[in-house]
C-alpha cells in the first residue's frame, strides 16, 4: 500500500532512451566497404566504356599487336603474391607481432611496386610503338581503365608506407589496426578488379 | 595489452566481421593461382579453337575467382556488419550488371543499325 501511495503522489517520469554510445571507429569497416562499392561502380563504367570502344582500332594497332601475355601473367602473379603477403601481415597483426607485421607489409609494398614497374614498362613500350592514348578509341579506353587501376595501386602503396610509419611510431594500437584492415580491404579489392582487367582486356583481347 | 583487452577491443571495432586464418588465406591463394593459370594457359596455347567458347570459359573462371577472393580475402559473408555489407554488395552487383549489359547491348545494336549502306533511310519510319 505504501508504495502505491508514493508512486501515485509523484509525477510519472518518462525518459527518452538515449542512443547508446558507439565505440570509436565501430562503423568504419562498413563505411569503407561502401566506399569500395562506389569505387567498384567507377570501374564498372570504365569496363563498360572499354567494352563499347574496345573494338574501334581506327586502323591502328589491335590488342594482338600490342599485348604481351607473358608480361601480363608475371604482373598478375605480382598482385596475387602481394595479396597473400598482405593476408600474412593481417595474421601477424592479430597476434600483435609488430616486427613481423612490418616485414610482411614491406614485402607487400615491394610486390606492389613490382606490379607498377611492369605496368609502366608495358605502357612506355606501347607508347614508344606509337600506341598512344590518342591513337584510337580502343587505346583511349584501354589506358583509362588500366591506368585508373594502376593509379589505385599507386595510392595503395602510398597508404601502405604511411601506415608502416604509423605502426613504427605508435605500434599496433586499435586505430592502426583499423586502418590496416581498411587498407587490407582496399588491396584485396584492387586484386579483384585486376581479375576483371586481365580477363576482359588482355585475355579476351588476344582472342579477338 | 592483455589477451583479454585484445579480444574485447576486436569485438568492439568490427562487430562480427570474420577474420582470416592462415588456412583460409592459403586456400584462397592456391585456388586463385589455379583459376588464373588455367585461363592464361587456354589463351596462350589456343587449346579451345572456338573463340566464343574460349571467351565464355575464361569469363566463367574470372567469376569463380572473384567469388574466391570475396570469400577468402575480403571475408564476405552474410553475417558481417549485420548483413549490411552483403546488401551493399548485392546492390552494387545489380548496378554493375545493368551498366555492363545495358551499354554493350545498346551500343552493339546502335553499331549494327548505323552501318552505312545497311538500310535505305527513305524506308525508315
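Readers should treat all values here as calculations from the given coordinates under stated rules, not as data from a laboratory. Small disclaimer: the values here were computed from a predicted structure and weren't measured. For neighbour counting, all protein chains shown are included, and Cβ atoms are generated from backbone atoms with ideal geometry for every residue, glycine included.
General observations
- Exposure proxy shown here: for A:17, A:119, A:174, the number of other Cβ atoms within 10 Å sets the order, fewest to most, as A:17, A:174, A:119.
- In percent, rounded to a whole number, the relative contact order of segment B:22-75 is 55, using alpha-carbon pairs under 8 Å and six or more apart.
- Subtracting the Cα-Cα distance of residue B:87 and residue B:101 from 0.36 nm times their residue separation leaves 2.9 nm of extension gain.
- Evaluated over segment A:106-204, the Cα radius of gyration and Dmax, each in Å: 16.2, 51
- Rounded Å value of the spacing that divides the Cα centres of segment B:25-75 and segment A:41-56: 21 Å
- Rg and Dmax of segment B:22-75, based on Cα coordinates, read 12.6, 40 Å.
- Chain A: angle of helix A:137-170 to the longest principal axis, Cα-based, in degrees nearest 10: 50 degrees
- Subtracting the Cα-Cα distance of residue A:41 and residue A:14 from 0.36 nm times their residue separation leaves 5.0 nm of extension gain.
- For the listed peptides A:158-164, A:176-182, A:187-193, a ranking on the average number of other beta carbons within 10 Å per residue, highest first, reads A:187-193, A:176-182, A:158-164.
- Sorted by Cβ neighbour density within 10 Å, fewest at the top, the residues A:15, B:75: A:15, B:75
- Residue-normalised convex hull volume from the C-alpha trace of segment A:157-208: 58 Å³ per residue.
- Prolate/oblate/rounded label for segment A:26-148 (Cα gyration tensor, a/c 1.5): oblate
- Expected-Rg normalisation [2.2 N^0.38 Å, Cα atoms] applied to the protein assembly as shown: 1.26
- Taken over segment A:120-172, the ratio of Cα radius of gyration to 2.2 N^0.38 Å equals 1.67.
- Working from the Cα coordinates of segment A:72-120, the gyration tensor eigenvalues give, after taking √(5λ), semi-axes of 24, 10, 5 Å in decreasing order.
- Our summary gives chain A a relative contact order of 31 percent, counting only alpha carbon pairs under 8 angstrom and 6 or more residues apart.
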